[in-house]
Amino acid sequence: MRQTGRAFIPLLVAAGFAAGAAYGEEAAHQLGAHVHGHGEAVIALDGQKLTAELTAPLNNVAGFEHAPQTDAERQALESGIEKLRAGASLFVFNAEAACELTDASVAAPDFGAGDGHHDDDHAHEHEHDEDHGHDAHEGGHADIRATYEFECGAPEALTGFSTALFETLPRFEEVDVTFLSDTAQSFGKLTPEAARFDIE
């Protein structure tokens, strides 16, 4: 029986990371790895609902991975998170698919201080792990995750997307992409020079 709704998306995301190994050793190395400048995007299409999840080192977004200690660092973190919320420019799907952003949330580490940057407005709609960002205290690494939900009027017409991520957050150097649906699996890499992903 085909999984649907929220039960379907986590299965696709998990399958995407597992299937990344088939994309080659380089992609397999990047998936799940904490490398500054790199990011991972998993996009899952289920009927008319499309979910995109972007995970990256906090350094890509804020320029550091420790608890903000100055006003400038706090401002840099808030600015980075605000830019991440702009899912409609970070994932621009081909117009024929008629995909519209319906929700965006960002989960950032709280550095053990209880002042994390989970989006409270959408907390009830997303089941983020309580310890998301736990890498913040392992070797000085911290990750940030943004989740976007789109409603596509013509999902059968979806052929790919372009992104303004590299202009918006220039510390990003490349992003490994996994796209999964009931009928397709595609893997690829985005860079500032090649910021378009085509579904094969």
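Rule-based calculations on the coordinates, nothing more; no lab input. A quick note: this is a predicted structure, and the numbers were derived from the prediction, not measured. Methodologically, a virtual Cβ is constructed for each residue, glycine included, from the backbone with ideal geometry; neighbour enumeration extends over all protein chains shown.
Worth a mention:
- Residues (surrounded by 22 or more Cβ atoms within 10 Å (Cβ to Cβ), closer than 16 Å to A52 by Cα and of a type in the set (G, A, S)) located in segment 140-190: A146
- Considering segment 29-97, the qualifying helices (runs of 4 or more DSSP H), each wholly inside and each with 1 or more residues that are surrounded by 19 or more Cβ atoms within 10 Å (Cβ to Cβ) and more than 14 Å from the chain's Cα centre (by Cα), run over 58-62, 71-84.
- Pairs with Cβ under 7 Å, 6+ apart, first in segment 85-111 and more than 12 Å from E53 (Cα to Cα), second part of a loop (DSSP other than H, G, I, E, B) and hydroxyl-bearing (S, T, Y): V92/T163; N94/T159
- Summed over segment 143-200, the residues that are within 26 Å of I81 (Cα to Cα) and part of a loop (DSSP other than H, G, I, E, B) give a count of 10.
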